[in-house]
Structures are given as C-alpha cells and as structure tokens.
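The values are calculated or read from the model by the stated rules, or taken from the named source; none is laboratory data. For clarity, every value in this text was computed on a predicted model and none was experimentally measured. Methodologically, a virtual Cβ is constructed for each residue, glycine included, from the backbone with ideal geometry; neighbour enumeration extends over all protein chains shown.
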Amino acid sequence: MSHALERQAAERTADDPAWSPGVRAAVERGRARAGAATAARARVRRLRFDTIAIHGLWTAEAALAADGSISEPLVPSTAQHFESADEMEAALAYLVPSWTYSRMANPTLAALEGTLALLEGYGTDLDVSCCVTGSGMAAIAMATQAFLVPAAAGTPTRRARPSIVASAKCYGGTFMLFAERFAAERGVAVRWVADPLDLDAWQAAIDDGTRFVYGELPSNPGLAVFDVAAVARIAHAHGLPLIVDSTIATPALLRPLALGADVVVHSLSKAIGGSGLAIGGAILSRPAIATRVGPPEMAADFATWVKLHPFRDHGPALAPQAAHAFLVDVRTLRGRVDRWSTSALTVATWLSRHPQVAAVRYPGLPFDRGHELAARQMQLVDGDEGAGDAHRYGHLLGFEVAGGREAARRVFDGLELIRRATDLGRIRSVATIPAISTHQQQGEAGRSLAAIPDSLISLSIGGEHPADVIADLDAALSRD
C-alpha cells in the first residue's frame, strides 16, 4: 500500500453521486485498508529508533499476509493488477490506496518511504510524509522546482522576479542546479549566503520574489553548519519554507523538521545506504508547510503532493531493487553513524596536529567555528540512554594540505587503504579533492564563494579501525 495515499484514502467518503456503485464500494474498501495501516503506523511510532529502523512498517500481520516472509518483499513488477475496472478507476483518481505503476509508486518503495518518514519524525508528534527518488539530486530538484511556479495574481510575489536564498556552503550538484538550471536557464535570482552562521545575511537576502530558503547541514565538503531553528523563524516570518539537506547528519544525528524546517532532502546513496550498492534520494515534509505559492494541497502535505503530481509527470522514480537495498542498509543506521562519527573525530583530531596539514574542517573539533552550534543541534538519537557524551558530528571531514594544490594531489595519490572516488558515506573510507571533482564545474569564483581551495581533501570515514586510516594518511602525508 502506498503511504502517500493512505492519509487521503482514510478521509474519502463513498457518497459522491458521480461515482458508480462499484467505485463507491472500492472507496469504502480502500478506507478500511487505510484505516488499518494508519493504526499500525501509530503502534510502530511508539517504538525506539533502532527498532523502527529494523522493522519499519513490516508488522507481524503484514508478514503473515505475505506467506510469512519476515522481511519486506522485493516487488520488481512494473505495474499493479486490479480486480476490476471500478478499482482501477478509483486508484487512478487517487481515491484508494494503491501503487498502480512503479513510476509513481511500488510496494517496496512504500516500505522504504514509511520507514524513513518515521525515522525523520522520531521524537516528535509530526505526521511526516516521504517521497523517494532515483537520486539525491532528483530529490533536491523535485523539492525545489515545486516552488518555482507562478504566484497568485495581484500578489507582491507575482510581480517580483522569482528568487531563492541558499547557503553557498552546499554540494556542488546543488550549486550547479541553482546557478545553471534555475538562474541561467530560467532567470531565477539566486542569492547566496556566504556565511550561513550570519543570521542577518539570511534575513537581508529575502525579498518579495523569494520562493524558498535552502541550507545544508553539515555541508559537503565545507562542513559548515547553520542555526536551523533561527533560519526557520526568519523564513516563516516571510511565509517561506526552509528546505534542509541533512544527508551527512542522517536522522540518526539530526532531524531538522523537529527544529522547524519544512522540508528535508537526503541522498540515500550516502550514509543511509552505507553499503554503496544503490543510488537514491528522499524528500520528507512536515504537515502544513509555509509557502507563498502553490495550491492548498501542496502546502498541506508537500511530499505526498510532489509524489502524486510533479513526480508522477517528471518520472524520477527509484527502482524497487534500489529501495530494497536501502531497506537493508537503514536497519543498521544508528550503529554505523555512531561508529563512523567517533572514528571521524579521532582522525580529525590526529590531522589537526600533523605538521603537513594547514587546517582541518570538522564540527566536532572544539576550535571549529561551528562547533558550539553543531553541539547544540547534533547528537546521537537515543544516545542519552548510554554512558558518556552523546554528541556526534558525522563521518565527513576535510583537511587542507600545507603546500597547496600540488601537495594535496601528491598526498591524494599516496593513499592506499582509502579509496579515491567522488562519493561519501560508504562502509569503506573514501577521499576526493572537491576542486577537481564534485565542485569542479562551479568554477573558481563559485569555489571561492563556497570556500573550497585547491588544497582541500574531503575524507569520508567508514567502518575501518581508525588506527589503520590514520596510518594510511600518515604515509601519504609523508611522501616526498
């Protein structure tokens, strides 16, 4: 059953005279299924984070209905079989919960969406919605394009040039989407916030044409942070949504919706899908988001609206096989993020003392500019139940090599255990030079705005023993 339709179906009635008796009967059956699913979801929400991640919505009842399978089944079918024309008509009109066609939905995708929604809303009373996509960039594109539509006639937003406000400390693909696809191709004004810690800069960038406010926390590769609650208040005072890319933190360390954000996007290909076997993304939203544009249905349940309308028409679907891989990975999310974060702090601390390292970027270091704010916002979910400090700062760090560009390339080429690749969040540690990889296309001016020098190496810490990672780095830094 599609989670995206569950809430809508539960509210439908079968008394519309325009529907045939058969369609009305299908709607009544759909309401019963939706009600049972809603009740099951309420029971699961009472569980702890790890338990939700492991079981999701695959209850004992669901298992018995699937020949006793204790794991969610992979459903690679392209389309759903309907019992009658009446059921098909009701399903395609979004009157009953169904999945219909895998470009729109799929049972395996629904299992992943339901699990991610519960994890992102963990510890709150928010009824979070989720739409998974074929990549993290697809999630960012679908989440942001939805606000670049004409505003209502006669409003200041309609009369003003469309604009967006975004932290310049963001992933290179996001920078290019905003700068090229939105600004250069569509004429949207992009107002970059060079220092995301500067609340006055966020405030000053907003005008009548602004459609959304966007930030990344911690950012890739600069590891910048920002005050989610404060920026959300600024955005909401202007009737605008705050969209947060929380890929690096994952719900195990940070849940921006609880801090006031309206929409969260993830690249599932990173730490959530730590095995590195699939590409995917996710859009998650709270109910009743702030927005100056769009129909009431979009504001009421953004992720569901995206899934049922623009997503349906653009077709950036996630493959069921990829969704199944993510379901397996998410079961161990909290434990992996805990281990990788503690290892990253160990490695970052060692790098900060190395004579060949000019600077280290990691919000877990006490001298990092964003440390105090990161400590306030990021901590291991349910970590207060264990001994010691529950603060964790993620698996990603960056370090600038003394000697500049050529020295950084020499160190990079000397790595043996650590893989050289344009990726992060893997069980294996991975390094890249952002200036020649993930952020190459945004040009020197764009990299300067984002504070990405040629000497910066981005390092994603995996599950290896940190002593072995440090030994590999030491050997590479000691090369002639």
So the helices (runs of 4 or more DSSP H) completely within region 369-452 holding 2 or more residues that are in contact with a Leu (Cβ under 9 Å, 6 or more places away or on another chain) and within 18 Å of Trp350 (Cα to Cα) are 405-413
Only one of Thr124, Thr155, Thr100 that is of a type in the set (S, T, N, Q) and surrounded by 18 or more Cβ atoms within 10 Å (Cβ to Cβ): Thr100
Name the residue that is modelled with the highest pLDDT, counting only residues in region 14-47 that are outside any helix (DSSP H, G or I) and crowded, with 17+ Cβ neighbours inside 10 Å. Trp19
Quick check on region 348-370: of everything there that is free of Cβ contacts under 8 Å to residues at least 60 places away in the same chain and surrounded by 22 or more Cβ atoms within 10 Å (Cβ to Cβ), which residue is nearest to Leu217 (Cα to Cα)? Gly364
So which residues in region 324-339 are assigned to a helix (DSSP H, G or I) and not β-branched (Val, Ile, Thr), if there are any at all? His324, Ala325, Phe326, Leu327, Asp329, Leu333, Arg334, Gly335, Arg336, Asp338, Arg339
Kindly list, by first and then second residue, each pair from a residue in region 294-322 that is closer than 10 Å to Thr133 by Cβ to a residue that is of a type in the set (Gly, Ala, Ser) and part of a helix (DSSP H, G or I), limited to pairs with Cβ atoms under 6 Å and residues at least 6 apart or on different chains. Lys307/Ala4; Pro316/Ala138
Does region 438-479 hold any residues that are within 23 Å of Leu217 (Cβ to Cβ) and either among the aliphatic types (A, V, I, L, M) or in the same structural domain as Gly136 (by TED's automatic domain parsing) (or both), and which are they? Leu449, Ala450, Ala451, Ile452, Leu456, Ile457, Leu459, Ile461
Please work out which one of (1) of a type outside the set (D, E, K, R); (2) surrounded by 18 or more Cβ atoms within 10 Å (Cβ to Cβ); (3) out of contact with any Leu (no Cβ under 9 Å at 6 or more places or on another chain) is the condition His314 fails and give its number. (2)
Residues of region 32-66 satisfying the condition of being touching a residue at least 40 places away in the same chain (Cβ under 8 Å) and either more than 27 Å from Ile272 (Cα to Cα) or of a type in the set (Lys, Arg) (or both): Arg33, Ala34, Arg41, Arg45, Arg48
Give the residue, chosen from Val381, Val469, Val401, that is touching a residue at least 60 places away in the same chain (Cβ under 8 Å) and under 24 Å from Glu120 (Cα atoms). Val381
Only residues that are over 16 Å from Pro287 (Cα atoms) and in contact with a Ser or Thr (Cβ under 6 Å, 6 or more places away or on another chain): list them for region 77-133, please. Thr78, Gln80, Ala91, Pro97, Trp99, Ser102, Ala105, Ala110
